[in-house]
Amino acid sequence: MVVKIGTNALTNTTGRFHRPHFERLAGELLLLAKSRELIIVSSGAIALGVERLGLPAKPRDIPGKQACAAVGQSRLMRAWEEALDPRIVAQVLLTHSDVQDRRRYLNARHALERLIADGVVPVINENDTVSVDEIKFGDNDTLAGLVAGLVSADALVILSDVEGLYDADPRKHPDAKLIGTVEVVTRAMLASAGGSGSSVGTGGMATKLRAAQQVTELGVRCVIAAGQKPGTLTRVFAGEDEGTLFEPQHGRRDARHAWIAHALKPKGTLVVDAGARAAVLERKKSLLPSGIREVKGNFSHGDPVDLSDERGDVFARGLAAYGADELRKLAGKRTTQIEATLGYRGLDEAVHRDDLAML
């Protein structure tokens, strides 16, 4: 089980670390760890750093946030180590570049699997001290979704400051109703989800929905529930109605295509015509150069790229068989023209089917 604990589940209304909340959550996690393999994705390092440094609020600049993370991370781990005693805990810090590279992705999985096999509880956080925009996950909801896929978890529980997914923003609409079960995360849900409601947290409902969408595609159940309610975790794992349950989807993705779809950040976009879109989506074909209408961005052979239609709707992600400059020359051309255009012939495909993941 992967349990993501947001900053708002660990802090009070002023954004300060709330030890009674934390110790109660840790007590529930200790009970769960007796019968389940447990991974914790914990926010709170920056908030603890802000508190320790006596700052009035979280800094807006990257170096300021990095400094707060460096100060707060050791305090966060000490709190977890004391609270989960006698269980052994392990700190695991990740950046997006750690999962962008396939070999490092597998190394992280093997390390986590070994820790779990040894009865250790991994406590995972983004490595905010070294993270900048190009290597950040950006929020721990995204990180938790990737970790759940990384270890092929059975369930992901996201604890936050809200009860779950509502049919409207409960902060603006007091009559908003909690949605108990979601069969599939739709574009309409993602479009209507707001940003973070806190000055100390980074994720909002949109990031939680994307994490739920990501893991349910892998056959993993997901629950979004309130972290500050006593007994939330106990009720969730007892199968009681608590928060919002996102049902796993049929046709589970294989691990490699899940990595392409969710762990990789695209370095460019291939805009394709309607025929190429249909070939990829409906007939499960590779993308050929003839279907490309425009090449955006600068990327090299093997880099991740998005596929979009001419309206800008991104529908797939894959690994480019040629660099951006080469594909600009090949766009709209038949495979028989590749050698004459480039002076050599590699693959017939711009993106091979085996390297494509539908979004």
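Bear in mind these aren't lab numbers, they're just calculated from the coordinates by the rules spelled out. What you see is a predicted model, and the numbers here were worked out from it, not measured in a lab. With ideal geometry, Cβ positions are generated from the backbone for all residues, glycine too; neighbour counts draw on all protein chains shown.
Is there a quick way to get the dipole size of the chain? I mean about its Cα centre, with the Cβ of Lys and Arg at +1 and of Asp and Glu at -1; what is the value in debye to the nearest 20? Let's see the in-between values first.
On the way: 47 positive and 46 negative charges, 72 e Å.
Roughly 340 debye, rounded to the nearest 20.
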* **All aspartates and glutamates inside 20 Å of LYS177 as judged from Cα atoms, apart from same-chain residues fewer than 8 positions distant** => ASP161, GLU163, ASP167, ASP169, GLU240, ASP241, GLU242, GLU247
* Sort SER286, SER300 so that the residue with the fewest other Cβ atoms within 10 Å of its own Cβ comes first and the one with the most comes last. => SER300, SER286
* Asked: Gaussian network model of the chain, Cα springs within a sub-10 Å range: biggest mean-square fluctuation belongs to which of VAL236, VAL215, VAL147?
  -> VAL236
* To do: May I ask you to list the lysines whose Cα is less than 17 Å away from that of LYS265, ignoring any residue fewer than eight positions away on the same chain?
  => LYS136, LYS296
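Taking a 23 Å limit on the Cα-Cα distance, which of the listed pairs LYS4/LYS229; LYS285/LYS333; LYS208/LYS285; LYS267/LYS329; LYS58/LYS267 fall beyond it?
Details: LYS4/LYS229 15 Å; LYS285/LYS333 17 Å; LYS208/LYS285 32 Å; LYS267/LYS329 18 Å; LYS58/LYS267 30 Å.
Long pairs (Cα-Cα over 23 Å): LYS208/LYS285; LYS58/LYS267.
Among the trypsin sites (Lys or Arg not before Pro) in the range 1-94, which ones are in a DSSP loop with at most 10 other Cβ atoms within 10 Å of the Cβ? Mind listing them?
On the way: sites: LYS4, ARG16, ARG24, LYS34, ARG36, ARG52, ARG60, LYS65, ARG75, ARG78, ARG87; in loops: ARG16, LYS34, ARG36, ARG60, ARG87.
Filter output for the range 1-94: LYS34, ARG60.
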* Structure fact -> Of all stretches in the chain that avoid GluC sites (Glu not before Pro) placed in a DSSP loop and having at most 12 other Cβ atoms within 10 Å, the longest is 1-182
* Asked: What is the distance, in nm, between label points placed 7 Å from the Cα along the Cα-to-Cβ direction at THR181 and at ALA278?
  -> 3.7
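Express in nm, to one decimal, how much length is gained between GLN337 and HIS352 on full extension, taking 0.36 nm for each residue of separation and deducting their alpha carbon distance.
3.6 nm
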* How much net charge surrounds ALA26 when only other residues with a Cβ under 11 Å from its Cβ are counted (Lys, Arg +1; Asp, Glu -1)? -> -2
